[in-house]
Amino acid sequence: MLATSGLGSRRALEKAIDQGQVRLNGQVARLGATVTAGDKITFRDQSLEVCARQLDHATLIYHKPEGEVTTRSDPEGRRTVFDRLPSPPHGRWIAIGRLDLNTAGLLLLTTDGELANRMMHPAGRVDREYLCRIRGAIDEEQIRALLEGVQLEDGTAQFSDLVPGEVTSGHTWYTVTIMEGRNREVRRLWEAVGATVARLKRVRFGPVFLPARVRPGHYQHLSGADHRLLRTDVGLKGISWQLVARPLAADRSKR
């Protein structure tokens with residue numbers, strides 16, 4: 001909290017606390033101590049008060065094309081999804097889950113780390129929906145295995161829903177849903193039953209669908225109301241707050 005308030009680096013502040021240079025409500029502060037709004041802190045002859053500040057986060061939808069990686073930089077020089085994004089109003093963009101190089105579709109990015117963590121964590125039970133183009137035909141036994149669960153190298157996995165679609169030129173389209181986001185999980189599930197994925201596109205993440213008007217390589221900002229809905233959908237408060245330390249009124253009047 002002190003580092004967030006601009007009072008120094010986290011390492012330097014931890015050292016100052018360890019050396020007894022910080023007092024909390026008149027007592028020598030200890031590392032890991034809990035603070036709440038209204039607490040008083042003394043540091044380097046400054047009298048500070050802990051206040052709650054509302055955070056205005058930004059979230060956007062990006063339509064990732066095939067051939068881009070979901071990393072900030074790539075040692076092979078490939079284009080990353082961040083190359084096309086606008087600068088965030090504050091903080092940095094956090095990708096909510098990843099899409100591999102050859103997977104296209106919906107990618108959510110936010111400056112809200114709390115939201116990103118909750119949406120990506122398996123306990124959040126946020127489902128993801130993909131459109132899959134599979135070479136050849138899939139029989140009922142393969143479909144049953146995909147819905148009941150197959151063994152992958154990192155444990156059992158399954159689709160929570162699988163809906164067959166159009167058959168075209170030796171390929172069959174399927175819409176599938178998974179409840180977690182393990183690395184290449186959708187592709188590995190199909191491969192586990194002997195199927196080959198010719199094309200894969202994520203079309204939904206939780207309550208957010210990929211809008212038809214957002215073309216590959218383009219993005220669309222979500223409104224503040226939509227961002228709050230995403231937070232409440234995963235059990236968070238609609239508005240996020242951050243504790244900061246500000247000079248007491250008496251100290252500010254001396255400046």
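The values are calculated or read from the model by the stated rules, or taken from the named source; none is laboratory data. Here the structure is a predicted model, which means the values were calculated and not measured. Methodologically, a virtual Cβ is constructed for each residue, glycine included, from the backbone with ideal geometry; neighbour enumeration extends over all protein chains shown.
Annotations for the structure displayed:
- Residue in the range 124-132 that is touching a residue at least 24 places away in the same chain (Cβ under 8 Å), under 23 Å from the mean Cα position of the chain (by Cα) and at positive phi present: yes
- Pairs are defined by a Cβ separation below 7 Å, a sequence spacing of at least 6 or placement on different chains, a first member in the range 226-255 that is more than 24 Å from SER5 (Cβ to Cβ), and a second member that is modelled with pLDDT under 80 and in a helix (DSSP H, G or I); the pairs so defined are VAL234/GLY124.
- Checklist (1) at pLDDT 90 or above; (2) more than 21 Å from the chain's Cα centre (by Cα); (3) surrounded by 14 or more Cβ atoms within 10 Å (Cβ to Cβ); (4) not aliphatic (A, V, I, L, M) applied to ASP251, failing item: (1)
- Any hit, the range 103-119, residues being more than 27 Å from SER240 (Cβ to Cβ), at pLDDT 95 or above and in contact with a helix residue (DSSP H, G or I) (Cβ under 9 Å, 6 or more places away or on another chain): yes
- Of all residues making up the range 67-83, the number that are surrounded by 15 or more Cβ atoms within 10 Å (Cβ to Cβ) and out of contact with any strand residue (DSSP E or B) (no Cβ under 7 Å at 6 or more places or on another chain): 1
- Filtered residue count, the range 23-45, keeping only those that are in contact with a Leu (Cβ under 8 Å, 6 or more places away or on another chain) and assigned to a strand (DSSP E or B): 4
- Filter pass, GLY136 being closer than 30 Å to ASP56 by Cβ, in contact (Cβ under 8 Å) with a residue 40 or more places away in the chain and outside the structural domain of PRO65 (by TED's automatic domain parsing): no
- Any hit, the range 238-248, residues being surrounded by fewer than 12 Cβ atoms within 10 Å (Cβ to Cβ) and modelled with pLDDT under 95: no
- The range 167-183 - residue that is at pLDDT 90 or above and surrounded by fewer than 18 Cβ atoms within 10 Å (Cβ to Cβ) and, of those, farthest from the chain's Cα centre (by Cα): HIS171
- Failed criterion for VAL214 (all others in (1) at pLDDT 95 or above; (2) within 16 Å of the chain's Cα centre (by Cα); (3) among the hydrophobic types (A, V, I, L, M, F, W, C) hold): (2)
- Note on the range 111-157: residues that are assigned to a loop (DSSP other than H, G, I, E, B) and either surrounded by fewer than 18 Cβ atoms within 10 Å (Cβ to Cβ) or in contact with an Asp or Glu (Cβ under 6 Å, 6 or more places away or on another chain) (or both) amount to 9.
- Looking across GLU185, GLU191, one residue alone is touching a strand residue (DSSP E or B) at 6+ places or on another chain (Cβ under 8 Å), in the same structural domain as LEU146 (by TED's automatic domain parsing) and without any contact (Cβ under 8 Å) to a residue 24 or more places away in the chain. It is GLU191.
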